[in-house]
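Reading through the structure tokens given below for one structure.
FYI, it's all coordinate maths here, none of it is from the lab. Since the model is a prediction, treat every value here as computed from it, not as a measurement. All Cβ positions, even for glycine, are placed from backbone atoms using ideal geometry, and neighbour counts span all protein chains on display.
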Amino acid sequence: MSALPKIPSTAAGVLPQIAAFAEEQAIALRHDFHRHPELAFEEHRTSARIAGLLSDWGFEVATGIGGTGVVATLRRGDGGRRLGIRADFDALPISEDSGLAYASQTRGLMHACGHDGHTTILLAAAHYLARHGRFDGTVHLVFQPAEEIGQGATRMLDDGLFERFPVDAIFGLHNWPGVPAGRFGFVDGPAMASVDWARIRVTGKGGHGAEPHTGVDPVLTAAHIVTALQSLVSRNVDPREMAVVTVGSIHGGQAANVIPDSVELKLTARAFLPEVRQALRRRIPALAEAVAAGFGAGVEIDFPLGFPSVLNHAAETAFAREVALAQFGSDGVVAGLAPRTASEDFAFLLQRRPGSFVFVGNGDSAPLHSPRYVFDDAVIAPAASYWARLAETFLAEPDAARQAAGAPA
Ligand code: NI
């Protein structure tokens with residue numbers, strides 16, 4: 001892509017207009033989203049609220065992109081550069097146990113991943129950009145449904161996201177418990193893992209537990225498959241690379257004295273590198289089939305493609321880090337943040353356009369997807385200020401760009 005703009009060295013940190021908006025409206029808005037969580041592709045209330053606000057603030061708003069997705073566009077000047085920033089807004093099928101006054105009002109549903117926070121952060125940045133933003137070019141704000149089931153990004157792409165709203169780069173963020181609140185983390189290259197889900201049905205021949213020689217025992221076979229699968233990471237993957245195979249579910253049989261006909265295993269395989277992912281996708285079925293054959297049993301394997309790893313692009317990641325350093329100083333950026341072994345469907349967007357997925361600390365909260373997880377409202381103002389500054393820098397006005405480059409204005 002074209003060279004990214006130079007970074008002005010004027011550190012401003014949290015923008016006062018955004019700090020005021022957070023206190024007056026954004027935190028209350030986040031609590032409202034939190035009270036009303038909605039599952040993947042059912043986020044009708046959330047989506048309508050987002051579209052309504054953006055339209056009130058003067059954005060050109062497109063709805064129904066990839067189901068409940070929203071894209072809001074703002075143009076300034078005559079610059080040809082185009083920036084995309086994405087936030088997700090779906091919730092999880094989890095019963096909240098946070099004790100918060102503004103806890104979920106829908107039993108069994110919860111914003112347990114902070115997507116209510118991500119959306120509020122981008123809305124606060126949008127409000128600033130519409131009123132005070134100084135830039136030259138086009139901003140497309142992408143509000144994505146259904147991240148938790150890994151389908152929202154794909155559905156928006158299938159609906160022509162980047163054809164209808166072309167961007168030169170796309171950025172997104174996720175809050176992270178365990179990283180100091182409001183500090184930013186940047187990872188070049190693989191930042192989050194790929195994930196594939198497999199279901200393996202081990203088929204044998206059931207019978208009386210006292211006469212095992214007359215049947216084929218799928219319980220014993222399944223146990224050997226579980227053990228053998230753990231050898232993939234230690235024997236088939238380069239020890240310098242990351243891979244995880246987790247068998248999280250094993251079901252079969254009813255009684256202590258009956259050999260069942262079949263046993264079902266469910267597992268996930270994760271990796272940072274596409275070649276490691278492909279090796280696991282090849283070896284898991286091959287090993288399960290071979291082990292089962294050794295016991296005279298069979299396997300039926302369902303192993304659809306999940307989603308790829310988040311592969312951050314080098315130039316855009318360096319740019320994103322430089323913006324944070326210029327804005328918040330080195331104290332605002334976590335040095336050497338390690339990649340995360342969880343997964344994100346932002347990966348699909350990065351397969352189509354250059355960009356970077358950024359992390360922002362959420363302090364000492366319970367982990368993501370815990371019923372006790374709490375998004376820290378103190379993150380909203382710095383993270384929204386960061387998006388606003390990233391947009392103004394990426395789409396720098398000609399004068400600002402010349403000054404930053406050291407040329408006479
Ligand atoms: Ni999430």
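Using the Kyte-Doolittle scale, find the helices of the chain whose mean hydropathy is at least -0.5 and whose Cα atoms extend 24 Å or more along the helix's long axis, counting only whole DSSP H runs. Those that clear 24 Å and a mean of -0.5 are 115-132, 274-294.
By the count of other C-beta atoms within 10 Å, a proxy for reagent exposure, His251, His213 are ordered fewest to most as His213, His251.
Multiplying the residue separation of Gln17 and Val258 by 0.36 nm and subtracting their alpha-carbon distance yields 79.8 nm. With a Förster radius of 30 Å applied to the C-beta separation of Arg164 and Asp302, the computed FRET efficiency comes to 0.30. Taking segment 258-286 and a reference point 7 angstrom along Cα→Cβ of Ala223, the backbone N atoms nearer than 17 Å belong to 258-265. When the Debye formula is applied to the Cα atoms of segment 264-409, each taken as the same point scatterer, what base-10 log of I(q)/I(0) results at q = 0.09, 0.11, 0.14, 0.18 Å⁻¹? One equal scatterer on each Cα of segment 264-409 leads to -0.48, -0.65, -0.89, -1.20. Label separation (Arg235 vs His132): 6.2 nm, computed from points 7 Å beyond Cα along the C-beta direction.
For the pair Arg282 and Ala378, what calculated FRET efficiency results from E = 1/(1 + (r/R0)^6), where r is the Cβ-Cβ distance and R0 = 45 Å, to the nearest 0.05? Walk me through the numbers before you get to the answer.
Details: r = 46 Å, r/R0 = 1.02.
In this case the efficiency is close to 0.45.
For Leu92, nonlocal amide neighbours, meaning residues 5 or more places apart or on other chains whose placed amide H falls under 5 Å from its own, are Met110, His111, Ala112. When each of Thr154, Thr120, Thr393, Thr227 is scored by the number of other beta-carbon atoms lying within 10 Å, the sequence from fewest to most is Thr227, Thr154, Thr393, Thr120.
For the residues Ala169, Ala130, Ala256, a GNM of the chain with alpha-carbon springs under 10 Å puts the largest fluctuation on Ala256.
For segment 194-302, what does the alpha-carbon gyration tensor say about shape, rounded, prolate or oblate, given a ≥ b ≥ c as the root eigenvalues, a/c under 1.5 as rounded, and a/b over b/c as prolate?
It comes out prolate by the Cα gyration axes.
Distances between placed amide hydrogens fall under 5 Å for Met192 paired with Val310, Arg340, all partners being 5 or more residues away or on another chain.
Please check which bits of segment 261-275 a label hung off Arg199 would reach, taking the label as a point 7 Å along Cα-to-C-beta and the cut-off as backbone N under 16 Å. Once the point is set 7 Å along Cα→Cβ of Arg199, 262-269 turn out to lie under 16 Å by backbone N, inside segment 261-275.
If you take every DSSP beta bridge fully contained in the chain, what fraction is antiparallel? Give it as a percent rounded to 5.
Numbers: 46 of 67 bridges.
Around 70 percent antiparallel, to the nearest 5.
Dipole magnitude for the chain: about 620 debye, using +1 per Lys or Arg Cβ and -1 per Asp or Glu Cβ, origin at the Cα centre. Over the chain, dividing the summed -39,500 (n - 2.57) contributions of all DSSP H runs of at least 4 residues by the number of residues returns a 222 nm mean residue ellipticity of -10000 deg cm²/dmol.
Find how much the distance from His213 to Ala318 grows on full extension, using 0.36 nm per residue of separation minus their present alpha carbon separation; answer in nm with one decimal.
On the way: separation 105, 0.36 × 105 = 37.80 nm, distance 6.35 nm.
Going from the current span to full extension adds 31.5 nm.
Would you tally the net charge around Ser104, using a Cβ to Cβ cut-off of less than 12 Å, leaving Ser104 out, and scoring K and R as +1, D and E as -1? Walk me through the numbers on the way to the answer.
Details: positive: Arg35, Arg107; negative: Asp32, Glu38, Glu96, Asp97, Asp116.
Result for the neighbourhood of Ser104: -3.
Modelled spin labels at Ala103 and Thr73, positioned 7 Å past Cα toward Cβ, are 4.4 nm from each other. What FRET efficiency do you get for Gln351 and Lys266 if R0 is 30 Å and r is their Cβ-Cβ distance, rounded to the nearest 0.05? It comes out at approximately 0.70.
Residues Asp97, Asp331 in ascending order of nearby Cβ atoms (within 10 Å, fewest first): Asp331, Asp97.
Which value in Å is the Kirkwood Rh of the chain over different Cα pairs? If you can, show how the numbers build up before the last one.
Details: mean 1/r = 0.0436 Å⁻¹.
Result for the chain stands at 22.9 Å.
Karplus-derived 3J(HN,Hα) values for segment 248-259, using 6.51 cos²θ - 1.76 cosθ + 1.60 with θ = phi - 60°, are x, 8, 9, 9, x, x, 10, 10, 5, 10, 10, 7 Hz; glycine and proline are entered as x.
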